[in-house]
Amino acid sequence: MLNVLTRAMMNHVGHVHEIVRYPVKSMAGIPTRSAFVGWHGLQGDRRFAFRRLNDKSGFPWLSASRLPELLLYQPLGLDENAEEPAPTHVRTPDGLTLSLAGTELQNHVAEKFGSPLELMKFKHGIFDEASMSVINLATIAGIGREVGQDLDTRRFRANVVIASELSEPFLEDGWIGGRLVFGGDEDGPMLSVTMRDLRCVMVNLDPDTAKQDPRVMKAVVRLNENNAGAYTTVCRMGQISVGQSVSLITG
């Protein structure tokens with residue numbers, strides 16, 4: 001249990017609005033009502049990625065910033081024999097349903113990209129900065145007001161979308177250095193908020209069409225130095241669910 005001093009610094013910030021895992025890096029996500037948070041993030045999140053075989057850099061993974069259509073590939077099914085939740089198939093933008101384990105999918109994406117690829121599986125996931133990301137609904141709404149449209153949460157590809165009780169955007173900046181606790185139990189899952197989420201062109205991509213709208217990233221730059229949401233690491237495992245309360249421990 002938390003001691004009296006820690007409990008005094010624990011402030012309610014809102015509740016879990018949405019939970020999403022992204023089994024294949026840069027493909028469409030799969031919303032879920034509940035998920036287990038392990039030491040390496042949401043179970044089943046970003047456990048697969050395409051490696052660009054001709055790329056010798058330190059980050060050879062294919063992302064939608066290089067192939068926007070990758071967002072339109074939808075992981076499907078559930079491998080009941082996998083250690084973690086894993087899709088069995090992927091529906092392509094042109095309506096084909098291909099096995100995740102087969103070479104057909106790999107070849108299909110490689111043809112779209114115009115260069116050879118290898119689909120790889122990672123036991124502990126493949127992440128840009130940290131194993132989990134969070135964003136506040138008010139932040140997405142604030143960016144949307146600046147752009148003049150109602151932005152889909154999927155543009156920001158966060159694992160956890162939080163609905164705060166305040167309408168002020170970018171509250172996540174003030175969470176850096178603190179810890180988010182989920183559920184009414186003080187011993188619930190806990191995430192350490194480590195850094196702001198510096199955005200890339202992927203926020204410009206419509207999740208349903210993959211079409212670019214550069215106004216979105218420009219708005220994030222103007223409003224908050226191109227940051228929206230926050231990266232976190234897991235400091236206590238457990239089950240998180242939509243509707244759970246979220247509290248912030250500071251100090």
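The values are calculated or read from the model by the stated rules, or taken from the named source; none is laboratory data. If you're wondering where the values come from, they're calculated on a predicted model, not measured in any experiment. Because the Cβ atoms are built from the backbone with ideal geometry, glycine has one as well, and the counts that use them run over all protein chains shown. Surface areas here come from the heavy atoms of the whole protein model, side chains and all, with no ligands, DNA or RNA. Shrake-Rupley method; radii C 1.70, N 1.55, O 1.52, S 1.80 Å.
Hey, what did the chain get for relative contact order, percent, Cα under 8 Å, at least 6 apart? Could you put the intermediate results ahead of the total?
Details: 572 pairs, mean separation 70.0, N = 251.
Across the chain, relative contact order equals 28 percent.
Once you have the Cα-Cα distance between residue 99 and residue 147, take 0.36 nm times their residue separation minus that, and quote the gain in nm to one decimal. Working shown, then result.
Values: separation 48, 0.36 × 48 = 17.28 nm, distance 3.85 nm.
Contour length minus Cα-Cα distance gives 13.4 nm.
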Hey, what angle do you get for helix 137-147 against the long axis of the chain, alpha-carbon based, 0 to 90 degrees rounded to 10? 60 degrees
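For the chain, what is the mean residue ellipticity at 222 nm derived from helices alone (per DSSP H run of n ≥ 4: -39500 (n - 2.57); sum divided by total residues; nearest 500 deg cm²/dmol)? Working shown, then result.
Details: 4 runs with 37 residues, N = 251.
Helices in the chain give a 222 nm mean residue ellipticity of -4000 deg cm²/dmol.
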Rounded to a whole number, the Stokes-Einstein D of region 165-251 in µm²/s (Kirkwood radius over Cα pairs; 10 °C; 1.306 mPa s) is 109 µm²/s
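Cβ under 15 Å from residue 202's Cβ, residue 202 left aside: what net charge do those residues give with Lys, Arg +1 and Asp, Glu -1? Can you show the working numbers first?
Details: positive: 25, 46, 66, 154, 155, 157, 199, 211, 215, 218; negative: 69, 128, 129, 152, 197, 206, 208, 213.
Counting the neighbours of residue 202, the net charge comes to +2.
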Going by Cα centres, region 7-41 and region 208-247 are how many Å apart? 11 Å
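How much net charge surrounds residue 55 when only other residues with a Cβ under 12 Å from its Cβ are counted (Lys, Arg +1; Asp, Glu -1)?
Numbers: positive: 51, 52, 56, 66; negative: 118.
Taking every other residue near residue 55 into account, the sum is +3.
Can you pull out the chymotrypsin sites (Phe, Trp or Tyr not before Pro) in region 1-102 that DSSP calls coil and that have at most 13 other Cβ atoms within 10 Å? Display every interim value, and only then the final one.
On the way: sites: 36, 39, 48, 50, 61, 73; in loops: 39, 73.
Taking region 1-102 and a limit of 13 other Cβ atoms within 10 Å, the loop chymotrypsin sites (Phe, Trp or Tyr not before Pro) found are 39.
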Lysines whose Cα lies under 18 Å from that of residue 211, excluding same-chain neighbours fewer than 8 positions away: 112
Of 57, 115, 68, which is farthest along the charge dipole of region 28-115 in the positive direction, counting Lys and Arg as +1 and Asp and Glu as -1 at C-beta? 57
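For a quick check of your reading of the filter: which trypsin sites (Lys or Arg not before Pro) in region 57-120 sit in a DSSP loop and have no more than 15 other Cβ atoms within 10 Å?
Working: sites: 66, 91, 112; in loops: 66.
Passing both the DSSP loop test and the Cβ count: 66.
Share of antiparallel DSSP beta bridges in region 71-176, in percent to the nearest 5? Before the final figure, lay out each step's value.
Numbers: 6 of 9 bridges.
Taking every DSSP beta bridge within region 71-176, about 65 percent pair in antiparallel fashion.
Excluding residue 108 itself, calculate the net charge of residues whose Cβ lies under 14 Å from the Cβ of residue 108, where each Lys or Arg counts +1 and each Asp or Glu counts -1. List each step's numbers first, then the result.
Details: positive: 91, 112; negative: 69, 94, 104, 111, 118.
In short, -3.
Assign one of three labels to region 72-140, namely rounded, prolate or oblate, based on the Cα gyration tensor with a ≥ b ≥ c the square roots of its eigenvalues; rounded applies when a/c is under 1.5, prolate when it is not and a/b is larger than b/c, and oblate otherwise. It would help to have the intermediate numbers written out before the result.
Values: a/c = 1.65, a/b = 1.39, b/c = 1.18.
Prolate is the answer for region 72-140, as a/c is 1.5 or above and a/b outweighs b/c.
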Region 18-98: relative contact order from alpha carbon pairs under 8 Å, six or more residues apart, as a whole percent, is 26 percent
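Which of the peptides 190-197, 9-16 is most tightly packed, and how do the rest follow, going by the mean number of other Cβ atoms within 10 Å of each residue?
Numbers: 190-197: 20.8, 9-16: 16.2.
So the order, starting with the most tightly packed, is 190-197, 9-16.
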Using only Cα atoms, tell me the angle between helix 103-113 and the longest principal axis of the chain; keep it within 0 to 90° and round to the nearest 10. 90 degrees
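Run the numbers on region 175-221 and let me know its relative contact order in percent, using alpha-carbon pairs under 8 Å that are six or more apart. Intermediate results must be reported in sequence, preceding the final value.
Details: 48 pairs, mean separation 12.1, N = 47.
Result for region 175-221 is 26 percent.
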Measuring with a 1.4 Å probe in the full set of protein chains, what accessible area per residue, in whole Å², belongs to region 75-190? 48 Å²
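Based on the Kirkwood radius over alpha-carbon pairs, what is the Stokes-Einstein translational diffusion coefficient of region 117-172 at 37 °C with 0.692 mPa s viscosity, in µm²/s? Working shown, then result.
Working: Rh = 13.1 Å.
Taking Rh from Cα pairs, D becomes 251 µm²/s.
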On a 28 Å Cα-Cα criterion, which of the cross-link pairs 56/123; 123/218; 121/218; 56/121 come out too long? 123/218; 121/218
